[in-house]
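Every number here is computed from the coordinates shown, using simple stated rules; none is lab data. Bear in mind the structure is a predicted one, so any value in this text is a computation, not a measurement. Every residue, glycine as well, gets a Cβ built from its backbone with ideal geometry; the counts of neighbours run over all protein chains shown.
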Amino acid sequence: MRIGQRSTTRLAIVVIGVLLALYLGNMGVGYYQASRMQLSKVQPSRFTVFGFPAREMEERRWKIIITHEVPKVMEQLREADFARPEFGAEDQQNFKRVPIEEVIRTLPVVLTEQHIEQAWMEERAAETLRAQGRFFVVHLRLTAEGRARLWHYAREQVARLRALGEKPRDERLLLMVGEQPWASPIISPEVGSGWWLMSRFSMLQSSDVQIFPIYDEEIALEIVKGFEVAKQQGLAQAEGAR
């Protein structure tokens, strides 16, 4: 009886080991392919996720100011202190709005609708200490190239070495539909790690990018709708070019 139990246990361990090896091997191959992928520069599109590299933007004196949940790129006067927080008081007398054309021309493009497979919205219950009872999350499911592009950008910006005594900066993205910014999520440090890229090839991952908290449902809907329209127009153009 014990011999049979041992054989069954060994067989189960072998099966689990083989499945685990296949799972890790599949992710490893995907990680290798994405890390070796040659990524050409892309132009802004109808649905664009821009990078907002903190160090370079600080040199330009550019900040993303969020008022009423809508991000705006502002330039701070040289004679004013640059230490103003991004959230809080909305007194912007020491700032001037950067023309959106200059924003689009200056910021690096990380993703467009062609690097995103799907976008959808999820409603979640907010923390009990907040006045709002709910908030919304916009999920983006990326293509393999999209994951590689986001990871390469995050590795370059988030995981970059800092000089001794240099303060850490929040690395942001700027999501725009057409010429209208709708969100400015912070890139989490884990995106710059190899494990993040490997884990994206697992079917257990529902989405690659989560943009939250968005308290205005119309903004979340506008982002998802903007992606869907851009995707449909892109597919139509591709069909027409054949």
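Backbone geometry of region 143-153 corresponds, through the Karplus equation with coefficients 6.51, -1.76 and 1.60 at θ = phi - 60°, to 3J(HN,Hα) couplings of 6, 4, 5, x, 4, 5, 5, 5, 5, 4, 5 Hz, x marking Gly and Pro. Can you give me the Cα centroid spacing of region 95-110 and region 133-154 in angstrom? Region 95-110 and region 133-154 have Cα centres separated by 21 Å. Greater than 18 Å separation of Cα atoms is the criterion. Which listed pairs, LYS63/LYS167; LYS41/LYS72; LYS72/LYS96, meet it? Flagged as over cut-off: LYS41/LYS72. ARG46 sits among other residues whose Cβ lies under 12 Å from its own Cβ, and their net charge, with Lys and Arg +1 and Asp and Glu -1, is -1.
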